[in-house]
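Every number in this text was worked out from the coordinates using simple rules, so none of it is lab data. Being a predicted model, the structure only gives us computed values, none of them experimental. Note that each Cβ is placed from the backbone with ideal geometry, even for glycine, and that neighbours are counted across all protein chains shown.
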Amino acid sequence: MTKLDELTKQIKELKEKIEQVAMQNAGVREHVDETSLAALVKYLVEERERTNKQLELVTKQVEKLEELIAQPASEEAAPIEENVAEAKPVPLSPVDTKVIEFVQAKGMASAEELRAFMGYKGKNAASARLNLLYKRGLLERYQLGHKVYYRYAGKATQNEILITPPQ
């Protein structure tokens, strides 16, 4: 026998063994394959649906942003001018008035500086008051290094201030 004949014989034996094992496991294999395949297809379909929903939301947001960008500058300026005409005085507490006057006098002030000026024990109260005035739109906030500084953002009169309503 030549080597080719030996290899052919070994291949035939291996094929027979594979067929025997396949026949023994055929029932189990078919069951596992069908359920696994069905579960995999179901998962893929559900995942595709979730992805499509997310893409749809992102697409809508992008379209809204594109519409905002496409608006001419004249359209954006008109509503702002109308809001300036509708500005109303906002009453301030005496403490808020004192804080704003302090910030105006200093140009820019930090919570630590306000704490020293107002005589607070800790800077949390000063920081909270500055942050509240920032949220109301009366102060501008700047972070310079590790400190946060506040600057006055408008014109004040005695115990009241003019601000534009929220847009």
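The calculated FRET efficiency for ARG50 paired with GLN71, based on their beta-carbon distance and R0 = 35 Å, is about 0.60.
Residue-wise HN-Hα couplings along the range 106-118, as the Karplus relation 6.51 cos²θ - 1.76 cosθ + 1.60 with θ = phi - 60° gives them from phi, are 7, x, 9, 9, 9, 5, 5, 5, 5, 4, 5, 5, 7 Hz; Gly and Pro carry x. Stretched out straight at 0.36 nm per residue, the stretch from GLN104 to ILE18 would grow longer than its current Cα-Cα span by 22.0 nm.
For GLU112, neighbours were defined as the other residues whose beta-carbon sits under 10 Å from its Cβ, and their charges (Lys and Arg +1, Asp and Glu -1) total +2.
Hey, can you rank 10-22, 115-127 by average C-beta count inside 10 Å, highest first?
Peptide ranking by packing, descending: 115-127, 10-22.
By the rule of a C-alpha distance below 27 Å, with chain neighbours fewer than 8 residues away ignored, the lysines paired with LYS3 are LYS12, LYS15, LYS17.
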